[in-house]
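Below is one structure, written out as structure tokens; comments come after it.
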Amino acid sequence: MSKALLIALKTAFNAEKEGIRMYLKFAKDSAVVSGKNMFIQLAADEVDHLEIVQEAIDEHMAGKKFEKIKIPKGRLAKFMPDIKDLSLQPVDKADINDEEALKVAVKHELKAKNFYASEAENTNNEEVKKIFMELADVEEKHYQILQTELDFIRKDGFWFDTMEFSLEAE
């Protein structure tokens, strides 16, 4: 039993648990319904990751050989519309709390991606390496989605793929 691997898995478990708490808090605090939905979907993805890491811990503690574990690709791909399908329906304007939540979430996802990529490099077990690389890939996708939303809220006047304001007369 590798102590370093167990420490890495427990660190991953705790990080995923913290991600769930963080995204649920952001969903509760967001002023925008579609923002709430995105944060809830991120929390649900973190639950999937937590279960995968727990399964790896259980196998490791039992001294079992790691079996191939399927990493879900995430729910956000289904949730986020294609860029060509952007809805231009007016919605409530995002506020500073939404922007701050996105900033924290972006940092969290980048840190998670880097952690999983680093742990993949540090293990000799090919199945564990695959698990960590797939989790790093999912976290990278979360990072890209959140960074895009942050860019929209800062520059384009878009919030979760909808226009925050219109220059057209009503």
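The values are calculated or read from the model by the stated rules, or taken from the named source; none is laboratory data. Since the model is a prediction, treat every value here as computed from it, not as a measurement. Glycine also receives a Cβ, built like all others from the backbone with ideal geometry; neighbour counts cover every protein chain displayed. All accessible areas refer to the heavy atoms of the entire protein, side chains included, with ligands and DNA or RNA removed. Shrake-Rupley method; radii C 1.70, N 1.55, O 1.52, S 1.80 Å.
Any idea of the accessible area per residue across the stretch 9-55, 1.4 Å probe, to the nearest Å²?
Numbers: 2050 Å² over 47 residues.
Using a 1.4 Å probe on heavy atoms only, each residue of the stretch 9-55 averages 44 Å².
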| message | Spelling out what I want: for every residue of the stretch 11-22, take phi, set θ = phi - 60°, compute 6.51 cos²θ - 1.76 cosθ + 1.60 (Karplus), and round to whole Hz; glycine and proline get x. | response | 4, 4, 4, 5, 5, 5, 4, 5, x, 4, 4, 4
| request: Return the FRET efficiency for the residue pair residue 130, residue 17: r is the Cβ-Cβ distance, R0 is 30 Å, and the value is rounded to the nearest 0.05. | output: 0.85
| query | Tell me, how many Å apart are the Cα centres for the stretch 94-145 and for the stretch 39-68? | reply | 15 Å
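Please give the contour-minus-distance gain from residue 147 to residue 121: 0.36 nm per residue of separation, less the Cα-Cα distance, rounded to one decimal in nm. Please list the in-between numbers first.
Working: separation 26, 0.36 × 26 = 9.36 nm, distance 2.54 nm.
That pair, residue 147 and residue 121, stretches by 6.8 nm at full extension.
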| Label points 7 Å out from Cα along the Cβ direction at residue 114 and residue 57: separation in nm? | 2.4 nm
